[in-house]
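Right, one structure below, let's go through it.
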Amino acid sequence: MMSKKIFAIVFLLILFGPTFTENSAMGQNNQQQSYCPQTVEKKYCHKVIIIGAGMAGLGAANELKSNGFDALILESSPAKLVGGRVITENDSRTHYIPIDLHASEIAGTIGNPITELAQKYNSSILQTWNNYTYYDHKGLIGNPQISNNLNNVWSKFTKWLHVYRIGKTEDESLQIAINKFNDTLGENDKKSFSYDVSSYIGNTYADDAKYLSLLYWDKIGYIVGGPSGTISVFANGFASIPEHLASDLGNGSIQYNTLVTKISYGQNGVQIDTKGGPSYYGKYVICTIPTYLLQGDHPSITFDPALPQNKTDAINKMLMGTLTQTYILFNKTAMPANFWNSTTDYVSYVPPMTETGHWTLFMNLYKTKHQPLLLAWNYGDYARQMLTEPEYQIKQEMSNVFKIMNGSNNFDTKSITILYKGAKYDYSTSPIGFKVPNDFDMLASPVADNNGTNRVFFAGEATTWHYPATTDGAFLTGLREANRVMVTDTGKYPNPLEQENNWRYPPDPNGKHTWLTFPEYVMCKPGHTLVLKNDAEKTPMCVNPDIVESLFDKHLIINPTLP
C-alpha cells in the first residue's frame, strides 16, 4: 500500500556529539547486570528484549547487534518461522508454486531497503509497471482513452476534495465526500470514479471509504522512490528475506514458542512474563506485535504499570483495515487467453459503485511463476465477508467477473483452482478521528519509568505515518526503535548524517546513503525535529522546531505530507 507523495525539505544543520563505541555500548557483559536478578540464570537476561520476529523485530535485533548490543527476540511461532506477515508457501497445497500469502511485493522498488536486502541475499525479484488491461460489464475497454479518463476523473476529485475540506475542523467519513462528488458526474465518469475509489482508496488503504478519515486519509505514506508504479514481486517467495535476517543474528538470538503475556517496567529495567514459561529480564523492551493485539479491555499483553492514557487512547482509536490476497490458478488447457495474456501486468475490472472492493484488481504472475496464475485483492467489508464464505461460493462470485472479462457465459468454475483464498491480516489505516501525524506518533512513543528513563519501545507498521501497512515501513521502525534504545542507553546523539550512513542494517560499505526513504530512524536530541535539507542527497538535520516555521515556504516542506 502506498500513496504518491514526494518530499523536498529545509536547510539548517545542527551538529551533535560523536558516536558511541562498541565497548561503551556493551559495558561489562561478563558481570551480572543490574536489570538481572541475582537468582535468575543469565540466559534469561538480555539488555534488550524484543517481542516479535517480524520485519520490525528482526530489523531492530540486527541493528542492535551490529552496534554491539545484547538483544534477544521472543517469538510465539514455532521454530524457524519468522517474518510475521511475510509467509511463503511452496508445497502440494499450492501445486509447488511458491506464493506469498500476505506481504507479496516491494512497493516502490528503487531506493527501498527491502530491495537492498533482496540484492544482499540474492533473492530474485521482478519489477512490474503500470501495464493494465481494463474491463467493465461490457467486456474489454483496454484503450488509452479509458486509462486517461480514469486519471482525469481522479485528478478532478482530488482538486474538488481540497476545496471541500477547506475550513473543516470536525472529521467525518470520506464516503460523504465521495457521494457528493459522484453526484456531479456523468455516467461514463461515474464508472471511472468507481474504479478510482477501489484502486486509489480501497486497495491502497485496505478499507472502505466509509471508515476512513476525510481530513487525514491521504496524509499517510508516500512512494519510496523511482517512477510512480514501480513494484517488484519475488520469484521464489518473500520469506527468504526474514529468514536471512534471522540467520544473520546467529544461533540463540530468537526464542521460539514463547508467548509474551505481560510487560512490567520500572527503575531497574523490564520483566517479560510468558505463558507457561520463564520470565525474561532486560534493561529495555521493544514491542513489535500488531496494534490490534493491544486493543480493547483484554489485550494480548498487559502492562504494569498500565500504559499512559493518551497512549491507550491512540491504540484503541486505530481501526485496522483488511486486504485479502487470493491466488487463482487456471487450467492451462482452459486458460482464457482472449482476455488475459502473459504481457499484461494487471487485469482490472471497473465495477459499478455498488461493487467497489469486489474483484477489481488482479496481478498477472505468469512472468514470475511461469504459470497461469492471478493474484486478486479484495478489501474492507467484502474481504471480511469473503473470508467466512465456502470456497465454492467464492469461486462463483469470482467467475461472475471472469465471465464479463471473457465475454462469455460459458466460463467454467472447474477451470480454476483457488490456491489460497486469503486470511484476515489487519493493517493500519487512518480511521475517522485518528489524527495524522499526532496519533501515529503517539503509537510510536516510548514509555518511561518514574525517573523518566524510557523502558518500553514500540515498533511495527502501525507506528509510522510515513510508511504504514508496508514491510519496508515495519523494517524501518525496527531500526528507529533500536536507535532510540541506543541513544537512551548512551546519552549520545551522533551527527544526523553519520547516523543515516551508519545506523542502517545492512550498513552501506561505502558509507553513502542509498535509500530513498524518509530516515525516521535518525535520532534527534529532545526538543529538536528531524528534517531533510533540500539538496540532491536530502541530507538529514536536527533543528529547533521554533525556527522551522520561519524557514518554511512554498518550495520547502519538512516532512513527506501533502501541502
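What follows is calculated from the coordinates using simple rules that are stated; it is not laboratory data. Since this is a predicted model, take the numbers as computed values, not measurements. Heads up, the Cβs are rebuilt from the backbone with ideal geometry, glycines too, and the neighbour counts pull from every protein chain shown.
The set of residues in the range 442-461 being in contact (Cβ under 8 Å) with a residue 40 or more places away in the chain and in a strand (DSSP E or B) consists of Val447, Asn454, Arg455, Val456, Phe457, Phe458. Per the listing Gly433, Gly422, the residue uniquely surrounded by fewer than 18 Cβ atoms within 10 Å (Cβ to Cβ), in a loop (DSSP other than H, G, I, E, B) and either of a type outside the set (Lys, Arg) or in contact with a strand residue (DSSP E or B) (Cβ under 7 Å, 6 or more places away or on another chain) (or both) is Gly433. Residues that are of a type in the set (A, V, I, L, M, F, W, C) number at least 2 in the following strands (runs of 3 or more DSSP E) confined to the range 223-298: 231-234, 260-266, 269-274, 284-287. Within the option set Ala474, Ala482, being aliphatic (A, V, I, L, M), under 30 Å from Ile201 (Cα atoms) and surrounded by 21 or more Cβ atoms within 10 Å (Cβ to Cβ) holds for one residue only, Ala474. Of the residues making up the range 290-302, just one is buried (at least 18 other Cβ atoms within 10 Å of the Cβ) and either more than 23 Å from Ala53 (Cα to Cα) or in contact with a Cys (Cβ under 9 Å, 6 or more places away or on another chain) (or both), namely Leu294.
Counting the residues of the range 177-193 that are touching a residue at least 12 places away in the same chain (Cβ under 8 Å) and over 16 Å from Thr158 (Cβ atoms) gives 3.
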